[in-house]
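Q: Got a structure for you, questions after.
The values are calculated or read from the model by the stated rules, or taken from the named source; none is laboratory data. Keep in mind it's a predicted model, so treat the numbers as computed, not measured. Every residue, glycine as well, gets a Cβ built from its backbone with ideal geometry; the counts of neighbours run over all protein chains shown.
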């Protein structure tokens, strides 16, 4: 395999990675919303300083929490997908080496 096309994947793999990361981003946004609303309710109840904040700062608080959780979930899903693909490629390579050894062909690493 040449260096130029070493990282080129077929459309099915790219679409699969896109779907996995999109689902994770949406799930992260929902989880971030729940966390943000829960934290907002607790801060309103127990923090006198939070009550005095202006509305734009409260919106920034929600946006930062939702965006952070969504990004973390998306990044984790991409990392898990890359690990899964590397395991599949390793198994495929081992299978090819075993088949070559059965046929008496030497494969150089």
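Q: So which residues in segment 37-66 are surrounded by 14 or more Cβ atoms within 10 Å (Cβ to Cβ) and within 30 Å of residue 17 (Cβ to Cβ), if there are any at all?
A: Hits for segment 37-66 are 62, 65, 66.
Q: Scan (1) touching a residue at least 12 places away in the same chain (Cβ under 8 Å); (2) outside any helix (DSSP H, G or I) for the single condition residue 25 breaks and write down its number.
A: With (1) touching a residue at least 12 places away in the same chain (Cβ under 8 Å); (2) outside any helix (DSSP H, G or I) applied to residue 25, the lone miss is (2).
Q: Only one residue in 87, 69, 78, 34 is surrounded by 11 or more Cβ atoms within 10 Å (Cβ to Cβ) and without any contact (Cβ under 8 Å) to a residue 40 or more places away in the chain, so which one is that?
A: 34
Q: Regarding segment 6-25, can at least one residue be identified that is modelled with pLDDT of 95 or more, touching a helix residue (DSSP H, G or I) at 6+ places or on another chain (Cβ under 8 Å), closer than 21 Å to residue 79 by Cα and surrounded by 13 or more Cβ atoms within 10 Å (Cβ to Cβ)?
A: No, every residue in segment 6-25 fails to be modelled with pLDDT of 95 or more, touching a helix residue (DSSP H, G or I) at 6+ places or on another chain (Cβ under 8 Å), closer than 21 Å to residue 79 by Cα and surrounded by 13 or more Cβ atoms within 10 Å (Cβ to Cβ).
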